[in-house]
1. Which ordering of 75, 137 is given by a fewest-first count of other beta-carbon atoms within 10 Å?
2. So what is the relative contact order for the chain, in percent, with contacts set as C-alpha pairs under 8 Å and at least six apart?
3. Working out 0.36 nm times the residue gap between residue 65 and residue 209, then minus their Cα-Cα distance, what length gain in nm do you get to one decimal?
4. Which longest run of the chain has no exposed loop site in it, a site being trypsin sites (Lys or Arg not before Pro) in a DSSP loop with at most 13 other beta carbons within 10 Å, and the site itself not part of the run?
5. If I build a Gaussian network model for the chain, linking alpha-carbon pairs within less than 10 angstrom, which residue out of 110, 20, 101 has the largest mean-square fluctuation?
6. Based on the alpha carbons, how large is the Rg to Rh ratio for region 25-119 when Rh follows Kirkwood?
7. Helix 271-282 versus the longest principal axis of the chain: what angle, 0 to 90°, nearest 10, using Cα atoms?
8. Would you mind ranking 62, 46 so that the residue whose beta carbon has the fewest other beta carbons within 10 Å leads the list?
Amino acid sequence: MAGMFDYDVAFSRNVGWVTEAEQAALRRKRVAIAGMGGVGGAHLLTLVRLGIGSFNIADFDTFDVVNFNRQAGATMSSVGRLKVDVMAELARDINPDLGLEVSREPVSEENLDAFLDGVDVYVDGLDFFAFDARRETFAACARRGIPAVTAAPLGMGTALLCFMPGSMSFEEYFRLDGCDETEMALRFLLGLSPAMLQRGYLADSSRVRLANRQGPSMVAACQLCAGVTAVEVLKILLGRGRVLAAPWGYQFDAYRRRLVHTWRPGGNRNPIQRLGLAIARRQFTGTRSAGVGDG
């Protein structure tokens, strides 16, 4: 069956929205994705179908039944298996010629150089609460001049930020240094979605437990993350179309049918953001009704 595969045929229906030359260029690109869960797995399969030719992927976790509602590789046959192995198989089943470097360890300062080697774009697929790994990875991208994209599943929508070489860094925007985990969660959430479009329709606030690293997350939001991220990655890789880097961002909420562009100069240092954080700290019920998903 592998002998039947033809790249040009497999991805020919992309052509029209991209040129044949651009499709060939995507085949030569390499994307790194850390995390193969709700958003990371969807990112991988979406970008593989875009025709990107090579990936570095990393995850140390295994699939469980609790993942069935949203994670692309979660099935009865994959329970107990490493997510990264399952997703690698699915990716190669789409493109047998795929260049794929697989890491079964969590990303860390010790392995980030190897993980980011030769990478054109980094896509964040880490769990919402993986703050240490996320900060280390975005810092490494900034040092190497690698564009980095993060899209969070929030309610029934997504919020996206791009961190481009020479622009505002992840740490400058979110300002997580010296914070405890609850404060990091609040700063990350409000930094991603200053408009908080998802907050008004959370049906059961008891399901959000920041202290326990728990929150609801739906497949619709994960798929929206993958869709908007794929477009940003395409624009970055092809140098085509305007990419809005942080402190610019946007949030789209399908439930409310709303799109909001956000601009927070100074990131979480911005007076509007500082006010929102102060309110969130005082009103614990506000943090419980935030609608954060765990990816």
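1. Values: 75 13, 137 28.
Ascending number of Cβ neighbours within 10 Å: 75, 137.
2. Working: 587 pairs, mean separation 59.4, N = 295.
Result for the chain is 20 percent.
3. Numbers: separation 144, 0.36 × 144 = 51.84 nm, distance 2.00 nm.
Contour length minus the Cα-Cα distance gives 49.8 nm.
4. Answer - 105-212.
5. Largest GNM mean-square fluctuation: 110.
6. Details: Rg = 12.7 Å, Rh = 13.3 Å.
We get a ratio of 0.96 for region 25-119.
7. With rounding to tens, the tilt is 70 degrees.
8. On the way: 62 15, 46 20.
Exposure proxy ranking, most exposed first: 62, 46.
Quick note: the coordinates plus some simple rules give every number you see, no bench work behind them. Not measured: the values here are computed from a predicted model. Note that we place each Cβ from the backbone using ideal geometry, even for glycine, and neighbour counts take in every protein chain shown.
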